[in-house]
1. So, in the range 43-66, of the ones that are surrounded by 17 or more Cβ atoms within 10 Å (Cβ to Cβ) and of a type in the set (S, T, N, Q), which residue ends up farthest from the chain's Cα centre (by Cα)?
2. Of the residues 78, 104, only one is more than 19 Å from residue 33 (Cα to Cα), modelled with pLDDT under 85, in a helix (DSSP H, G or I) and not acidic (Asp, Glu); which?
3. Kindly evaluate residue 107 against the criterion of being surrounded by fewer than 16 Cβ atoms within 10 Å (Cβ to Cβ) and of a type in the set (Phe, Trp, Tyr).
4. Consider residue 40 against the criteria (1) closer than 22 Å to residue 156 by Cβ; (2) surrounded by fewer than 22 Cβ atoms within 10 Å (Cβ to Cβ): it satisfies all of them except one. Which criterion is unmet?
5. Please go through (1) part of a helix (DSSP H, G or I); (2) among the hydrophobic types (A, V, I, L, M, F, W, C); (3) touching a Phe, Trp or Tyr at 6+ places or on another chain (Cβ under 8 Å); (4) at pLDDT below 85 for residue 73 and return the number of the only condition it doesn't satisfy.
6. If only one of 149, 132 is in contact with a helix residue (DSSP H, G or I) (Cβ under 7 Å, 6 or more places away or on another chain), among the small types (Gly, Ala, Ser) and within 23 Å of residue 59 (Cβ to Cβ), which one is it?
7. Where the second residue is assigned to a loop (DSSP other than H, G, I, E, B) and among the β-branched types (Val, Ile, Thr) and the first is surrounded by 14 or more Cβ atoms within 10 Å (Cβ to Cβ) and at pLDDT below 70 and lies in the range 1-19, which pairs have Cβ atoms under 6 Å and are six or more apart or on separate chains?
8. Report, by residue number, each residue of the range 31-64 that is within 27 Å of residue 77 (Cα to Cα) and touching a residue at least 60 places away in the same chain (Cβ under 8 Å).
Amino acid sequence: MSIELLSTFLADAAPYLHFISFFLLILSGLNFPISEDLVFIISASIAAVYVPERAAVIFAGCFSGALLSDIMVFAAGKYMGPNILKISFFKKFFPEKIVGNIKKHYFDHGNKTLFFGRFIPFGVRNILFFTAGLVSLNFKKFLIVDICALLATSLLWYNLGYAAGGNYEEIIPFLDNFRFTVIASVFTMGAFIIFKRVSSKRVFQKDN
């Protein structure tokens, strides 16, 4: 969904924005082409311009929608994961190689994978939550870590969108830069971990 179409749709639905944003974020969690970050930004912008008295309610709607979609994907991974991965239609949403890599990260780094992984957009979040359920990550731990990570991202984008008001378009380049920085940081961290492990193996082999 384009930024212009999303903005027009949400502006027209301003009085019911908390319900609309909630529903859109559920769809986003189900891999519909709707950006979670943009929904937060544009919802906050519309709240600031049209219904500032309902800003807190709209944020609650956005937050609840994002959190519920995370839980739904986690539950799908936990209770239907192996069967879902056998269906060819879902394989493109949950590539076997990526799921395998995330499984390994969960076993190696646990909750850190979930917390930092939630900052990565482009559908990675859903694979992350699905795999968390697939490896039977403790639900209470999942919920606590996810809420903490979601609070960090949602408060950032909502406050920026609210401060920008009708000029929310100015935030989009910052959003793109933020995404690039997060992805670059993740790859850098991964490369460092791999380098460290390879170096440790070489040292161990020399000692033996």
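The values are calculated or read from the model by the stated rules, or taken from the named source; none is laboratory data. These figures come from a predicted structure and were not determined experimentally. Positions of Cβ are backbone-derived with ideal geometry, glycine not excepted, and every protein chain shown enters the neighbour counts.
1. Among them, the one singled out is 45.
2. Checking each option against the conditions leaves just 104.
3. Details: surrounded by fewer than 16 Cβ atoms within 10 Å (Cβ to Cβ): yes; of a type in the set (Phe, Trp, Tyr): yes.
Judged against the criteria, residue 107 is a match.
4. Status for residue 40: all satisfied but (2).
5. Against the list (1) part of a helix (DSSP H, G or I); (2) among the hydrophobic types (A, V, I, L, M, F, W, C); (3) touching a Phe, Trp or Tyr at 6+ places or on another chain (Cβ under 8 Å); (4) at pLDDT below 85, residue 73 comes up short only on (4).
6. Sole residue among the options that is in contact with a helix residue (DSSP H, G or I) (Cβ under 7 Å, 6 or more places away or on another chain), among the small types (Gly, Ala, Ser) and within 23 Å of residue 59 (Cβ to Cβ): 149.
7. If the second residue must be assigned to a loop (DSSP other than H, G, I, E, B) and among the β-branched types (Val, Ile, Thr), the pairs left are 1/34.
8. 31, 35, 36, 37, 38, 40, 62, 63
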